[in-house]
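Colleague: Sharing a structure, written as structure tokens. Questions coming.
Please treat every number below as a calculation from the coordinates, not as lab data. Here the structure is a predicted model, which is why all the values come from computation and not from measurement. When we count neighbours, we look across all protein chains shown, and the Cβ atoms used for this are built from the backbone with ideal geometry, even at glycine.
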Amino acid sequence: MEERHLTTVAINLQDSTFAAAVLQSLPIGVISYNKELKILNANSAASALIDVREQADVTLSAGINEKIWGDWHQILLNVVATGKICKFDNVGYSANGNNLSLQITLVPMYNGNGGRQIAGGIMLLENVTGIATIAKQQAHTERLAVLGKLASKVAHELNNPIDGIMRYINLAKRTIISDRDHTKPLEYLEYATGGLKRMVQIITELLEFSRSRHSPSEDTSLDKIIEDAVKFIEPKARAAAVEIDRQCHKTLPKTKNSNLFQVFCNLLKNAIEAMPDGGKVTITCDISSDNIASIKFRDTGQGFEPQNSEAIFEPFFTTKTGGKGTGLGLAICRDILEKYGGKITAENAPDKGSIFTVYLPLKE
Ligand code: ADP
């Protein structure tokens with residue numbers, strides 16, 4: 001009896017009304033659309049989460065203000081054209097006074113009967129608002145931990161030169177008092193000055209670090225900011241036998257210029273320092289269809305150890321010896337770019353040197 005009942009259910013699985021019932025009962029939003037992105041079907045979970053319009057792209061763009069994800073029209077068309085699955089985590093969505101954090105997965109939809117031809121796409125929507133809040137709290141706790149670590153590192157970094165300065169001043173004093181030697185005090189005071197210079201260097205960069213959070217912004221064209229940074233750094237490049245090849249021929253749009261100049265100078269300075277025997281830095285610029293500028297700085301230096309690709313962005317991480325580095329440059333760059341809603345990545349070039357890429361969402 002029981003078995004016969006199961007068979008009946010299995011047969012019903014083929015039924016399209018059964019499939020529709022399953023779709024409606026799912027706790028995640030499911031929207032299917034054709035190749036022209038016209039919505040064919042949306043289950044009730046989808047309608048409860050978002051404001052479903054006629055077109056899939058319009059549905060997403062209407063509720064998502066964050067530009068960092070790119071152009072939804074293009075993204076949805078890409079999924080349909082390439083068959084690649086795309087996943088977006090913690091997408092801010094707001095409609096009808098609701099602010100949600102969604103996980104959006106886009107999958108291709110194939111023709112029935114086992115065909116491999118793409119007929120459109122399916123959008124899966126999951127409400128991760130609660131999870132995102134927990135993640136935010138975790139991030140806050142982590143930030144506090146980082147701040148604590150940073151404070152102790154700052155104290156340590158400043159303590160080192162202070163120790164030396166005290167020692168050399170005491171030595172100088174003692175030598176002057178005993179009036180034994182007139183050249184030694186001068187030498188000791190020179191060392192002490194060196195220590196003070198090191199402290200000034202650290203403090204200046206730390207101040208820039210904090211200034212990167214509040215500096216006023218004015219609109220400047222991106223290529224002008226790059227050009228200014230190149231001009232500023234050119235004497236240092238010439239002295240190090242480094243050629244800077246700026247290939248940003250396009251006129252790039254205007255953007256807020258709070259500290260972008262500083263970011264570009266930092267990357268150029270690092271590139272030059274990575275080529276002690278001279279070389280070349282090539283700067284290229286591009287703007288994607290979703291209005292994100294990418295500016296690449298490629299050098300022909302020694303590159304970095306692959307296992308350090310994340311560590312180099314941490315404050316006080318430096319491989320430069322002899323007090324040449326503070327390890328604050330890239331941390332400052334990352335901080336500034338995050339403020340813009342952008343990011344910075346580092347990779348070793350396939351042949352030689354490294355590539356640092358700045359991604360910057362542009363205004364409409
Ligand atoms: P600093 O320049 O004071 O060391 P940064 O934060 O600017 O501090 O850089 C951190 C580290 O990242 C450097 O010490 C170096 O090891 C690595 N790095 C940065 N830029 C480059 C580059 N263009 N090529 C190779 N390594 C680099």
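Colleague: Taking H placed 1.01 Å from N in the peptide plane, check which residues at least 5 places from A240 or on another chain put their amide H under 5 Å from its amide H.
Modeller: none
Colleague: Using square roots of five times the C-alpha gyration tensor eigenvalues, list the equivalent-ellipsoid semi-axes of the chain in whole Å, biggest first.
Modeller: Ellipsoid semi-axes (Å, largest first): 56, 25, 18.
Colleague: According to the square roots a ≥ b ≥ c of the eigenvalues of the Cα gyration tensor, what is the shape class of region 325-364, taking rounded for a/c under 1.5, prolate for a/b larger than b/c otherwise, and oblate for the remainder?
Modeller: Values: a/c = 4.26, a/b = 1.34, b/c = 3.19.
Here region 325-364 falls in the oblate category.
Colleague: Rank by packing, highest mean first: peptides 48-56, 292-300, with packing defined as the count of other Cβ atoms within 10 Å averaged across residues. Don't skip to the end; give the middle numbers.
Modeller: Working: 48-56: 18.4, 292-300: 21.2.
Peptide ranking by packing, descending: 292-300, 48-56.
Colleague: Next question, about the same structure. Strictly under 4.7 angstrom between C-beta atoms: which cysteines of the chain have no such partner?
Modeller: So, C86, C265, C333.
Colleague: How big is the shadow of the Cα convex hull of region 273-364, averaged over all directions, in nm²?
Modeller: 6.7
Colleague: Right, next: For the chain, what's the relative contact order in percent, using C-alpha pairs closer than 8 Å and at least 6 residues apart? Intermediate values should be presented prior to the final figure.
Modeller: On the way: 569 pairs, mean separation 39.3, N = 364.
Computed value for the chain: 11 percent relative contact order.
Colleague: Continuing with the same structure: Is the C-alpha gyration tensor of region 17-165 telling us rounded, prolate or oblate? Criteria: a/c under 1.5 is rounded; beyond that, a/b larger than b/c is prolate, otherwise oblate.
Modeller: Here region 17-165 falls in the prolate category.
Colleague: Could you check the simple spin-label distance between K324 and S289, using points 7 Å along Cα→Cβ, in nm with one decimal?
Modeller: Once both label points are built, they end up 4.5 nm from each other.
Colleague: Another question about this same structure. How would E36, E347 line up from fewest to most surrounding beta-carbon atoms within 10 angstrom?
Modeller: Fewest-to-most Cβ neighbours within 10 Å comes out as E36, E347.
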